[in-house]
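For reference, the structure discussed in these notes is given below.
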Ligand SMILES: O=C(O)CCC(=O)C(=O)O
Ligand SMILES: [Fe+2]
């Protein structure tokens, strides 16, 4: 069995807890691993709502006619449907796009609470549920931002939180439903040896599809919901190895839901001079010919996940955050000089540059039209 990622499990659900201590644990995990399990006790996001969100994903990916989804094809605003192979998260190494389908919901309008994008008629009755789930994730991400602010002694302590408030402006925040179909049947044996095929798979450049290519996330924080038994997510350790991230780490087996996996995105890493770590990860097909499988999980069947990509208000200027620890880290690691030289980006500019690299077709087509 595989050696699994050693990611801390943190419980932020008790109001009576020592917030400074929880904040410290969260920040240390964000620095060391870039990934943190948040125990899901159902207080922030009720267990039945997580179940309902996965039911909605099944309806969208399994029962909705493809024409309805096509009419909502993803746009430059990053909202809508992304068909199989449409997105390529690791364009340098992938020959084909990701073996997945996804649907992105942008933030509801702060004034009307409506989604501002086309929605397939088959799931139109679920719009109030989607906006509510979006808002529940928003509140959890605000709590995490507040704890990060406390843990990093940022001044004022609500610096991160106020940069993320919906009422302070529009952001690139997305709630994304993901569907990964079952593993394709292995290609018929060719004349080449099995060993060399395996070698090609090892470096991610094999013919066999990768579910989500190696990447780091773009925003500040990502909240990831997964289903028990469905393997596939791996992170890259500091020494370059790929290790699986179990859905239910020890101590969470009896919780109402698997923990919510939180990871730091590139924007927050950039904003903190690289102190908080944006860790590279991918989704693969563990199991066949690869021993990176977690006990009790399977990697060949279909897989669902739900990601909430949290972004600050688009106009936020990404100057290093006001924290002594961030400043010192930047100085010690030569980041400060670089940051003086670097063009000061806004959160929207930062996101745009990343989207262009992974939606090759969308931006190629637009280039031709220009
Ligand atoms: O499906 C997963 O487990 C992870 C997906 C992911 O990393 C992403 O969409 O950015
Ligand atoms: Fe990701």
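The values are calculated or read from the model by the stated rules, or taken from the named source; none is laboratory data. Remember, predicted model here, so these are calculated numbers, not experimental data. In this analysis, Cβ positions are derived from the backbone assuming ideal geometry, glycine residues included, and neighbour counts consider all displayed protein chains.
Of the residues making up segment 296-313, those that are in a strand (DSSP E or B) and either surrounded by fewer than 20 Cβ atoms within 10 Å (Cβ to Cβ) or within 16 Å of ligand 2 (Cβ to nearest atom) (or both) are 298, 303, 304, 305, 306, 307, 308, 309, 310.
Among the residues of segment 240-295, those identified as touching a strand residue (DSSP E or B) at 6+ places or on another chain (Cβ under 7 Å) and away from ligand 2 (no atom under 16 Å from the Cβ) are 249, 251, 252, 258, 259, 286, 287, 292, 293, 294.
The condition of being in contact (Cβ under 8 Å) with a residue 24 or more places away in the chain and farther than 22 Å from residue 174 by Cβ holds for only one of 262, 283, 321, 245, that being 321. Is segment 117-124 home to any residue that is outside any strand (DSSP E or B), surrounded by 13 or more Cβ atoms within 10 Å (Cβ to Cβ), out of contact with any strand residue (DSSP E or B) (no Cβ under 9 Å at 6 or more places or on another chain) and without any contact (Cβ under 8 Å) to a residue 60 or more places away in the chain? For segment 117-124, residues outside any strand (DSSP E or B), surrounded by 13 or more Cβ atoms within 10 Å (Cβ to Cβ), out of contact with any strand residue (DSSP E or B) (no Cβ under 9 Å at 6 or more places or on another chain) and without any contact (Cβ under 8 Å) to a residue 60 or more places away in the chain: absent. Looking for something under 20 Å from residue 260 (Cα atoms), within 16 Å of ligand 1 (Cβ to nearest atom), assigned to a loop (DSSP other than H, G, I, E, B) and modelled with pLDDT of 95 or more - is there at least one such residue anywhere in segment 174-191? No: segment 174-191 contains no residue that is under 20 Å from residue 260 (Cα atoms), within 16 Å of ligand 1 (Cβ to nearest atom), assigned to a loop (DSSP other than H, G, I, E, B) and modelled with pLDDT of 95 or more. Quickly run through segment 1-27 and pick out the residues that are over 20 Å from residue 232 (Cβ atoms) and loosely packed, with under 14 Cβ neighbours inside 10 Å. 14, 15, 16, 17, 18, 20, 21, listed by residue number.
For every residue, the table says whether it meets (1) buried (at least 24 other Cβ atoms within 10 Å of the Cβ); (2) away from ligand 1 (no atom under 13 Å from the Cβ); (3) over 13 Å from residue 35 (Cα atoms).
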site: 210; (1), (2), (3): yes, no, yes
site: 226; (1), (2), (3): yes, no, yes
site: 232; (1), (2), (3): yes, no, yes
site: 236; (1), (2), (3): no, no, no
site: 242; (1), (2), (3): no, yes, yes
site: 254; (1), (2), (3): no, yes, yes
site: 263; (1), (2), (3): yes, no, no
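Restricting 299, 314 to residues that are modelled with pLDDT of 95 or more and farther than 14 Å from residue 221 by Cβ narrows the list to 314.
Considered as a group, the residues in segment 206-238 that are in contact with a helix residue (DSSP H, G or I) (Cβ under 6 Å, 6 or more places away or on another chain) and not in a loop (DSSP other than H, G, I, E, B) include one that is farthest from residue 286 (Cα to Cα), and that residue is 221. The residues of segment 270-286 that are away from ligand 1 (no atom under 11 Å from the Cβ) and under 22 Å from residue 88 (Cα atoms), listed by number, are 278, 285, 286.
Residues that are away from ligand 1 (no atom under 16 Å from the Cβ) and out of contact with any strand residue (DSSP E or B) (no Cβ under 9 Å at 6 or more places or on another chain) are absent from segment 77-85. The combined condition, being in a loop (DSSP other than H, G, I, E, B), over 30 Å from residue 54 (Cβ atoms), at pLDDT 95 or above and more than 13 Å from ligand 2 (Cβ to nearest atom), is fulfilled by residue 153. Say whether the condition of being within 16 Å of ligand 2 (Cβ to nearest atom), crowded, with 21+ Cβ neighbours inside 10 Å, farther than 17 Å from residue 355 by Cβ and at pLDDT 90 or above is met by at least one residue in segment 94-113. The answer is yes, given that some residue of segment 94-113 is within 16 Å of ligand 2 (Cβ to nearest atom), crowded, with 21+ Cβ neighbours inside 10 Å, farther than 17 Å from residue 355 by Cβ and at pLDDT 90 or above.
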